[in-house]
Each structure stands twice: as structure tokens, then as C-alpha cells.
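For reference, the structure is listed below as C-alpha cells.
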Amino acid sequence: MLPSQPPAPAPSDALEFGLEPPGSADASAQLAALETLRRVWGYEGFRGQQAQIIDTVIGGGDALVLMPTGGGKSLCYQVPSLVREGTGVVISPLIALMADQVDALSALGVRAGFLNSTQGPQQRRDTERAYLAGDLDLLYLAPERLRSAETVRLLDSGRIALFAIDEAHCVSQWGHDFRPDYLQLSMLAQRWPAVPRIALTATATQATHAEISERLGLDEARHFVADFDRPNITYRIVPKDNPRRQLLAFLRAEHPGDSGIVYCLSRSSVEATAEFLVSEGIASLPYHAGLDREARARNQARFLREDGLVMVATIAFGMGIDKPDVRFVAHLDLPKSVEGYYQETGRAGRDGLPSTAWMTYGLADVVQLRKMIETGEGDEAHRRRQGQHLDAILALCETVSCRREQLLAYFGQPGTGPCGNCDTCLDPPQAWDGTIPAQKLLSTVVRLDRRGQRYGAGHLIDILRGVATPRVSQLGHTDLTTFGIGTDLTQGQWRGVVRQLLAAGLLAVEGDYGTLGLTEGSAAVLRGERTVPLRHDPAPTGRGG
Ligand code: ADP
Ligand code: ZN
């Protein structure tokens, strides 16, 4: 272990807070870090706060690092693992990536290994032996390994340079990606108090940040919070009409021949979208967990290697992908959280050149996700958390102010002001007073409710627009006093109203069929105590959504 020095003064360029650093490397260790960076990685110098973070960990201090995707988190624990004596133990939930990470390090001449459930007994024994012999610079470990006394004994019998806790937000029970195995990582501080720990994440709200610090016992850690802004990414969210056609038009107009990722919610829509793009002459590959391992690896390798490929994927794709020239990330379906959205869109433009994050979003997305939450697994508290994540992403979709400002505020950087590089800045949406249409819609729901009936958006809109479909007639809904009182709006405009009421929590999705019901907020609207400002959707078309 290297000698500890008195705390270094806080660097002025770092957004930083916390207690005085317990450890900080001396000048020779700093030189060793730089020398390692140049020799092993061939890079000129450290970026952003890397030098301070590495300095802290080499000096034996703890660090909590919040840095966006592509910010360069890996070096923050890899370099100290090489400089400090012993093996850097990296806890990561991304088991599927460990073999690739180890291969990439080995190619650089770094001695790395991993222990997880995917390997055979022989490979495991070899790795354990290498660790005990002091022949490993880095050891990647699945969090559940620490549950076994055997692993703890193994770690004790070797020399640990540091613990790196990757994807540290997984410890947050309120976060979007909670992993129960992460809770036991609090043991690291108790079991190995002298070993420095560095926790890293690319996605943390202020609440998650605090929770990471508390649960991992990082009260003495220095906190490094990088600027989360990705100024080269233009954010755009458009109303969903015919998503594949809209995607095609977007690609042809703005990204012909570019590499990019298209995210879809389901495997079947991944397949259908990739086929559609290919039939339109755009080179595309599918990627989802239903494809066999080989096909996934092949498609991923092609995407990384070739220029101008479009990867159509579920969110199973992208973790650990380091392709600098992804020019766009498109979402054909609504992501389940702002954290997920920001992580996925963050894969665009790592090279700093102009890139686009583009999403289509419509009424059906809201209904589907609300329904999934309502009928999904987990207890009431789990559902409530999922509902909060959905509300946050809906608020982003429906905002009439700057999207980037809202995103950054969500991640703990409020008040940045309008960015000038998102759709709401570039083409400010018009607001209109939707109070009366909202009252018409809600009172239709009330009237049906009195008859003990619940319906979905399509049927309600038929009633409001006075369309006597066979179903409307058969059910006697032409008799409702609200039948035909909404002919002033098109079907598409009505869908926009329903979507925004759902987003605002003034209307609820219920049960397996996605029928609509009232919420606590509905009553205030019906009584005229609450106005309903709505966003004017550009060119509503009345189709789909
Ligand atoms: P993160 O884990 O934060 O998403 P990575 O650690 O994968 O980011 O780093 C993103 C990319 O930036 C990688 O290709 C990495 O090699 C590169 N990189 C990181 N730090 C530096 C540096 N100091 N100089 C040059 N390239 C760097
Ligand atoms: Zn903006």
C-alpha cells in the first residue's frame, strides 16, 4: 500500500462536496497513475475529474462517483487497481459483460479475471488461484458471490487493492434498477475497513445519490458529481402516429447512412421494425434476449465494427457498448423511467459530435405502461414506485418547457435555463385551455360509472364525437347526455386530451383491458376548481397513437 498524505485541497473545477478527503495520493503516486494511463491505455492525460478521483482512491480514500455514460468511469478504478498493491475487486451486476471486459483488459496486457455463475469449475479455480498468487490486477465479481462464506475467505486470503462498486444505483430501493444483492454490499466496509471503496453510477437522482451513500456506508467518501449535460445531443419527443413511418422519415431526413440505435419495447416489434427498415433499404439488425447468444454476439460485433448500421433492439442492448459515433438513439415506445431514457439516449454522440435523441410517444404507450404496472408483479409499494417513474417520464414528454433543463433538474442540476437544442426550445409548443374538453370527457366517465360500466379511450371518444358505432348503439350510449357534445375536436385531438389527462393523473387506467376511470384529481376538474392547460400536439392526424 502506498503511503497516505494529508488531504489535498478540493480542485476548483469539480462540483464536489462531502467531508475532507481521508486519503490522497502523493506526487509519486500521481505520476505512477499518469504513467500507467499512458503505458497501458496509450491516452495522453486524464479527463474531467478522473485525476482527482484516482488520486483519492490511490491514497486509500473512498469515493462516490456520479458521471454520465461515456464519462470514463472505468479508468477511475482500473488505474488505481494497477497502481495500488493487490487486486482491484470490481462488483458488477452486468454478468454478461464480464467476459468481454476481461478480454478487453487482457488485450491491453492487464491481468484480469472474473467470478460469476456463467463459468465452469475449472475456469473458476484458475481465477481463484491467480488471485491468491497475486497475479491479478482486476477481479470482476457478481454481487451474489459475496453471500458465500467461501468467497469471503478467498478474498481474505489474497490482497485487495480496492473495491469498485459499479452500477451503484442498484443499491437504491427507490431507484429504477434495484438489485437485492446490492444491499449486502454494506458488509464491505465492515469486513474490510482498511480497503478503499469507489462506488460509480451514471444514473442517480439526488435521492438515489443519498441512498447510495447511506447504504454503502460511504459517509467519509469524497463525492464527485460530473456535469450530466450532453450538450451535443438534441432531444426530441414527437406524438406517435405511425411510428415506423415516422422513424423512416426521421432517418431519411436527418440521419441517412448514420449508425444508430432504435429501441422498442417488445421482441416482436424489434423484429418487425428491423425488417421494415431493411425493406426500405436501411441496413438494420435486430437484437433482443430471444435471439440466441451467437446471433446477438454477431449482430453486436457488426454494429460496433461497421459504419452506418441501425441496431433495432430491446433495452437488453447497449450496456457496456462503447461506440463513439452513434449518431442517433430512437425510442419507438415510452421508456419506463427517466433514468432508463437518459442512459439509453446517452449512448448517442460519445464522440461529442451533434447527435439526436428522438422518441415517438402516444396514448397507447401510457395505457400500456399503466396497465403493466397495475397488473404486474410485486407489492403495492413496488407498483407505487413504478408509477412514480412513469409519472416522471410522462412529465418530460408533456412538458412545454426545455427538455434538457427538466432532465438535468431531475438528476440534481436545477436551473440551467433553456438549452436552445431541444424540440421545445427550437419550436415552442402552444398551450391551450383544455378544461372544458376534460370536463366533457370526465363527465362521460362518471355517467358510465353510474351504470357500472368502464370503457377504453376509443369508445369514450366515439361517444363524445357522436359516432353511433354498432357498439355505441347496442350499449345504449347514444342516450347519454354527453353523446355528441365533443364534435369540435377531431379523434386525434381527443386522443391527445386523454393522453395528457392520463399523464397528469387526472384519469386512471384500470384492469386488464385498459379501461379508464377517475382519480382523486378528477373531481376538482369536474367541479371547475382546477383548469387543465394542455400542450397543442403538432398536426394531429387522428390515426393510431
Ligand atoms: P463510462 O463507464 O463512464 O460509460 P468508459 O469508462 O467506458 O465510460 O469510457 C468511455 C470511453 O472513453 C472509453 O472508450 C474510454 O477508453 C475513453 N476514455 C476514458 N477516459 C479517457 C481518457 N482520459 N483519455 C482518453 N479516452 C478516455
Ligand atoms: Zn431545450
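The values are calculated or read from the model by the stated rules, or taken from the named source; none is laboratory data. Note that this is a predicted model, so its numbers are computed, not measured. Here the Cβ is made from the backbone with ideal geometry for all residues, glycine too, and neighbour counts use every protein chain on show. The accessibility values were calculated without ligands, DNA or RNA, using every heavy atom of the protein model including side chains. Shrake-Rupley method; radii C 1.70, N 1.55, O 1.52, S 1.80 Å.
Of note:
- Failed condition for E339, given (1) without any contact (Cβ under 8 Å) to a residue 40 or more places away in the chain; (2) touching a Gly at 6+ places or on another chain (Cβ under 8 Å): (1)
- Residue in region 143-164 that is in a loop (DSSP other than H, G, I, E, B) and either outside the structural domain of Q78 (by TED's automatic domain parsing) or open to solvent by less than 10 Å² (accessible area, probe 1.4 Å) (or both) present: no
- L31 being over 28 Å from the mean Cα position of the chain (by Cα), modelled with pLDDT under 95 and of a type outside the set (S, T, Y): yes
- Scanning region 40-60 for residues that are in contact with a helix residue (DSSP H, G or I) (Cβ under 9 Å, 6 or more places away or on another chain) and open to solvent by 30 Å² or more (accessible area, probe 1.4 Å) yields W41, Y43, E44, G45, F46, R47, A51.
- Subset of region 393-414 [more than 9 Å from ligand 2 (Cβ to nearest atom) and either open to solvent by less than 20 Å² (accessible area, probe 1.4 Å) or among the aromatic types (F, W, Y) (or both)]: I393, L394, L396, C397, T399, L407, L408, Y410, F411
- Of all residues in region 460-475, those being closer than 19 Å to S443 by Cβ and open to solvent by 20 Å² or more (accessible area, probe 1.4 Å) number 5.
- Pairs are defined by a Cβ separation below 6 Å, a sequence spacing of at least 6 or placement on different chains, a first member in region 231-247 that is outside the structural domain of P418 (by TED's automatic domain parsing) and over 19 Å from V366 (Cβ atoms), and a second member that is of a type in the set (S, T, Y) and part of a helix (DSSP H, G or I); no pair meets this definition.
- Leading residue by the ranking (farthest from A194 (Cα to Cα)) among those in region 75-95 that are more than 15 Å from ligand 1 (Cβ to nearest atom) and surrounded by fewer than 20 Cβ atoms within 10 Å (Cβ to Cβ): I95
- Flag for R383 being part of a helix (DSSP H, G or I) and at pLDDT below 90: yes
- Test: D427 is in contact with a strand residue (DSSP E or B) (Cβ under 6 Å, 6 or more places away or on another chain) and within 16 Å of ligand 2 (Cβ to nearest atom): no
- Residues of region 249-268 classified as more than 22 Å from R305 (Cα to Cα) and in contact with a Leu (Cβ under 7 Å, 6 or more places away or on another chain), total: 1
- Test: residue in region 380-387 that is among the aliphatic types (A, V, I, L, M), more than 16 Å from ligand 1 (Cβ to nearest atom) and touching a residue at least 12 places away in the same chain (Cβ under 8 Å): no
- For region 415-459, taking the residues that are open to solvent by 40 Å² or more (accessible area, probe 1.4 Å) and of a type in the set (V, I, T), the one that is farthest from ligand 1 (Cβ to nearest atom) is identified as I436.
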